[in-house]
Structure formats: structure tokens, C-alpha cells
């Protein structure tokens, strides 16, 4: 009888242990999964911390601000993303009819806004070979640029930089070219552009281009990009200039026009 009692106690203890183990295993299965990090570590690109105050002075949107200008660029970003995704495009040229319309600043702020979308990275390229300006928004001294790559075979890793903004890389310009349209269609440039567009499947490439009515660079470069966006200045760009600009790129995929420097107190630009 005593042996039967001991056997029952051992069975009860074993059953209790099994239930306890089951509860422990259940707790383990319900543990939350670790979060997936979207942070990018740059190994072949210079990472340079640019002062937020410097960027603000240059009217570059920096940080997670909720100011009206940043919000308007978010709206522009949504329009651009919808058009690019709908057509499976990943490259966009930003140009204007004339100088002074603000196409370069629009290119920079659009690139930053696009880079805040975690679904892709952004490469901003200064293709205004006659008047490269992107560099001056980030640096006070001269830095290597695309002209060094084209004429002196400087490696891209020494030219590309990340300005401390997540998922954004910039290929700046440097010294101007008098024969810019010839350089834009040169074999070395064509090969570079194809590499920039195809290296990463989730990359959007923004090209800051020269004004349409000042030279033929945009026309020479148009076969190598997917779409074009025009930037016009309120109170300065005339209707005939806009019409002429559209006629010059009528064979390109024009995704829209940005009205910059608007006098509307609520918005700095419109999109249509």
C-alpha cells in the first residue's frame, strides 16, 4: 500500500512539473520579437555632420520639424512618390525655365523629405555642370565634386557624402564646365548615371539640372532619366517662358510643376 502511495505522489509531482514547464514554454513563445532597425551604416560614403543651424540659415528643412514649409514638402513628396511608383520609375530631373526659380533648394528639400520615408534611400546628384550649387548649402569651403570624378578619376567614395540625415547621400558638383552638354552625354557620364540608377533597387535618384532656357543640357540629358519636374517662380516666370520650357521637354515624362516663392502666407509653393 505504501508503494502505491509513493507511486501516486511521484506521478502527481511529474504532472505538476510538466504543467509548470508548459507554462514556461508558453511565456517564451509569447515574448515580443525584436524590432527591425532601418538605420543605415555608411562604409564607402563620407558621413559629415552638418550644423542644423547652418542648414536652417540656408532654408534647408532639417530635423523632424512640423513647420508649414516641411509639411508642404511632404505633400510634394507624396505626389512625386505616387507618380514614380505608378510607373516604376526611380529617377527624377528637377529643372526650371530660367535661373533664380529655386530649383536647387527645391531639389534638396524634396530629397530630404523623400529620404524620411523608410521604404527607400535617396541619392541627390548635382548635374548643373555650368553652375553647381548644391555644395554651398552644406559646406562653407570647397569640397570634391563630380568634375573631379570626370576629369581626374577621383573615386566616388571620396566625393559622395551623407550630411547626417538618414537614408540620404549627395553627389555634389564642384568646378563648372563650359562644355557641359557634351560632358552630360559623354560615355563616362552615361555609365555613371546608369550605375547610380541601378545599384540599389530601392533608391530614388534626384538630378538637379540647369535651367531649360539657358542651355541645351537638360535636352541632352533627358534620355537618361525617367521623369522631369519643373520649378517656376511666382511673379517672375512668364507664361511664354513656361510654354517654351514645356515644348523643349515635351517628349519627356513631365510629372508636374512646382510654383516656388509663392506670396501666399500659408504656402511657399503650389504643385500642379
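Read the figures in this text as sums done on the coordinates, not as results from a lab. None of the values given here were measured: they were computed from a predicted structure. We place every Cβ from the backbone using ideal geometry, glycine too, and count neighbours over all the protein chains shown.
Using the structure shown, decide if residue 201 is within 17 Å of the chain's Cα centre (by Cα) and either under 25 Å from residue 72 (Cα atoms) or exposed (fewer than 14 other Cβ atoms within 10 Å of the Cβ) (or both). When the stated conditions are applied, residue 201 passes them. In the set (1) within 20 Å of residue 102 (Cα to Cα); (2) in a loop (DSSP other than H, G, I, E, B); (3) in contact (Cβ under 8 Å) with a residue 60 or more places away in the chain; (4) in contact with a helix residue (DSSP H, G or I) (Cβ under 8 Å, 6 or more places away or on another chain), the condition left unmet by residue 174 is number (3). Given the conditions (1) within 30 Å of residue 240 (Cα to Cα); (2) surrounded by 15 or more Cβ atoms within 10 Å (Cβ to Cβ); (3) touching a helix residue (DSSP H, G or I) at 6+ places or on another chain (Cβ under 9 Å), and given that residue 146 satisfies all but one, which numbered condition is not satisfied? Of the numbered conditions (1) within 30 Å of residue 240 (Cα to Cα); (2) surrounded by 15 or more Cβ atoms within 10 Å (Cβ to Cβ); (3) touching a helix residue (DSSP H, G or I) at 6+ places or on another chain (Cβ under 9 Å), the odd one out for residue 146 is (1).
Considering the stretch 109-120 alone, what residues qualify as being in contact (Cβ under 8 Å) with a residue 60 or more places away in the chain and assigned to a helix (DSSP H, G or I)? Those that are in contact (Cβ under 8 Å) with a residue 60 or more places away in the chain and assigned to a helix (DSSP H, G or I): 110, 111, 114. Checking each residue in the stretch 149-161 for being surrounded by fewer than 19 Cβ atoms within 10 Å (Cβ to Cβ) and either touching a strand residue (DSSP E or B) at 6+ places or on another chain (Cβ under 9 Å) or assigned to a loop (DSSP other than H, G, I, E, B) (or both) picks out 153, 154, 155, 156, 157, 158.
The residues listed here are 205, 232; of these, the one that is closer than 19 Å to residue 123 by Cβ, touching a residue at least 40 places away in the same chain (Cβ under 8 Å), assigned to a strand (DSSP E or B) and touching a helix residue (DSSP H, G or I) at 6+ places or on another chain (Cβ under 7 Å) is 205.
Taken over the stretch 94-106, the criterion of being under 12 Å from residue 59 (Cα atoms) and either assigned to a helix (DSSP H, G or I) or touching a helix residue (DSSP H, G or I) at 6+ places or on another chain (Cβ under 9 Å) (or both) is satisfied by 104, 105, 106.
Screening the candidates 242, 213, 196 for the property of being in contact (Cβ under 8 Å) with a residue 12 or more places away in the chain, closer than 22 Å to residue 129 by Cα and either touching a strand residue (DSSP E or B) at 6+ places or on another chain (Cβ under 8 Å) or part of a helix (DSSP H, G or I) (or both) yields one hit, 196. When 194, 241 are screened for being surrounded by fewer than 21 Cβ atoms within 10 Å (Cβ to Cβ) and closer than 20 Å to residue 104 by Cβ, only 241 passes. For the stretch 85-93, the count of residues that are surrounded by fewer than 23 Cβ atoms within 10 Å (Cβ to Cβ), in a helix (DSSP H, G or I), at negative phi and touching a residue at least 40 places away in the same chain (Cβ under 8 Å) is nonzero.
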